[in-house]
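Following: one structure in structure tokens, then a few remarks.
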Amino acid sequence: MANPIAAIIWKLSAQVLLNLENEDFETATQSQRLDILEELVSFLIHLVDRQIYDLTDAEKRALFITALVNDMARMLEDSRVDVQGEDEYKQAFYDKINARMGEFSDYSFSADDGASFSMRCTLGAHIQAVMGSRDNKWIPDYIVGREAPEIENTLSRSLTNLVSFEDQNIPVSE
């Protein structure tokens, strides 16, 4: 179950990155692009956690989110190795995801409206921090107004269609 959601998160994050570049926001390096992907992935994992909160017990939820984070860590590490060379990149991602989960948890979320304006602004600020300097001041507005609502809706539909915790064994990634 976590693996298809990981693939969707990766695809949504990559689409936002492509949209940013197509809107002529500056990205200069592959490493910078991966930093942007990490911010988007962290946000989307947090949304998954919020959306499944009432669907299952704490143990199954923790197993699912752990599997999802591990899947994403492998994808991001593979990409970083391709771009930056051999190294251990997973721990840095785990540290980031833990920090973002704590930070985003301070903001409200509703099943009907998704992430709060403040949570979206925080995502925009994190992306702004890793983007190039050209048109940098417009990045949060673009993320909040255009990208965040779109990826939230797509993710929510995907979760509804793909995730059920009834009589399921939650796969734990290796």
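The values are calculated or read from the model by the stated rules, or taken from the named source; none is laboratory data. Please read all numbers here as calculations on a predicted model, not as lab measurements. Cβ coordinates were reconstructed from backbone atoms using ideal geometry, including for glycine residues, and neighbour counts include every protein chain displayed.
Remarks
- The one condition from (1) surrounded by 18 or more Cβ atoms within 10 Å (Cβ to Cβ); (2) assigned to a helix (DSSP H, G or I); (3) among the hydroxyl-bearing types (S, T, Y) that T56 does not meet is (2).
- Flag for S79 being closer than 19 Å to L155 by Cα and small (G, A, S): no
Results for (1) part of a helix (DSSP H, G or I); (2) in contact (Cβ under 8 Å) with a residue 24 or more places away in the chain; (3) under 30 Å from K137 (Cβ atoms), shown as yes or no for each residue.
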position	(1), (2), (3)
I8	yes, yes, no
Q15	yes, yes, yes
F25	no, yes, yes
I36	yes, yes, yes
T66	yes, yes, no
V83	yes, yes, yes
E88	no, no, no
M101	yes, yes, yes
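- Qualifying residue in region 134-152 (condition: at pLDDT 90 or above, under 18 Å from L55 (Cβ atoms) and either among the hydrophobic types (A, V, I, L, M, F, W, C) or in a loop (DSSP other than H, G, I, E, B) (or both)): no
- Filter pass, A129 being aliphatic (A, V, I, L, M), loosely packed, with under 14 Cβ neighbours inside 10 Å and either more than 16 Å from S13 (Cβ to Cβ) or touching an Asp or Glu at 6+ places or on another chain (Cβ under 7 Å) (or both): yes
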